[in-house]
Amino acid sequence: MNFLAHLTLSYFDTNLQAGNFLGDFVKGKAVTKLPAGVQRGIAMHRAIDAMTDTDPGVKSLNHLLSARHGRYAGVITDIGFDHFLCQNWKQFGPLEFDAFRVGTYWALHAHREAMSERVQGYIEGMLNHDWLTLYKSREGMAHVYGRLRPRLSKPKLLDGVNESLTEYHDEFNQTFLALFPRLQTLADAYRPNPA
């Protein structure tokens, strides 16, 4: 569900973007059946997640959110960071947002054949409903979190998530602003010719 940051960090290579999209969907031996560039994108996705999950600022934010949202605090943070990436797009976006969005949709659509039917369905949903644009607004974020509810064993723990984005706006933004440049440095290591 937190697609935007992964897709932004890997924008410079469509194979990496496909792998970053697949990172939460493909496990075990299925990874080895994918093209090498997509496998590298999955490894990048997991490195991004590991850096995010171990970041002290993220841990503090998750602790704040856990009072209301319990074990889903980390999921709320990850998805929330996509909203704050949109809010800070002029600073961190690699291209103008609409150009990035269209190019990313094209890249994912072009890599569909390497993906399961289930994941192809997600891509179709993303294109047909313009998921990346949802991260720009609070209303869109309500929709994103709403799509998550049916997949959770305790969806009531998402109650009040929009209020949490407002109540902890500064904490979210400050944590994001501290973390994202480190993630960009990590992403640079995956470039074909690192800068």
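Numbers at a glance
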quantity: Electrostatic dipole magnitude of the chain [Cβ: Lys, Arg +1; Asp, Glu -1; Cα centre; debye, to 20]; calculated: 620
quantity: Segment GLU124-ALA50, extension gain: residue separation times 0.36 nm, minus the distance between their alpha carbons; calculated: 23.8 nm
quantity: HN-Hα J in Hz across the stretch 49-65 - Karplus 6.51, -1.76, 1.60, θ = phi - 60°, x for Gly and Pro; calculated: 4, 5, 5, 5, 5, 9, 5, x, x, 5, 4, 5, 4, 4, 5, 4, 6
quantity: Intensity falloff of the stretch 1-97 expressed as log10 I(q)/I(0), Debye formula with alpha-carbon point scatterers, at q = 0.16 Å⁻¹; calculated: -0.73
quantity: Length added when fully stretched, GLU139-LEU186, from 0.36 nm per residue minus Cα-Cα; calculated: 13.8 nm
quantity: Order of ARG71, ARG151, ARG40 under a 10 Å beta carbon neighbour criterion, fewest first; calculated: ARG151, ARG71, ARG40
quantity: Cα-centred dipole magnitude for the stretch 63-117, charges only on beta-carbon of K, R (+1) and D, E (-1), debye, nearest 20; calculated: 260
quantity: Extreme residue, positive dipole direction of the chain, given options SER66, GLY93, SER137 (C-beta unit charges); calculated: SER66
quantity: 27 Å Cα-Cα threshold exceeded, pairs from LYS59/LYS136; LYS29/LYS154; LYS27/LYS59; calculated: LYS29/LYS154
quantity: Computed helical MRE - 222 nm, the chain, DSSP H runs ≥ 4 contributing -39500 (n - 2.57), nearest 500; calculated: -22000 deg cm²/dmol
quantity: Whole-number Å³ per residue for the convex hull built on Cα positions in the chain; calculated: 118
quantity: Label-point separation, VAL31 to ALA178 (7 Å along Cα→Cβ), nm; calculated: 2.9
quantity: Alpha carbon centroid spacing (whole Å) that separates the stretch 114-180 from the stretch 2-79; calculated: 13
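Only the coordinates and a few stated rules stand behind these numbers; no lab work does. Everything quoted here is computed from the prediction, not taken from an experiment. Reconstructed Cβ throughout: ideal geometry from the backbone, glycine too, with neighbour counts over all protein chains shown.
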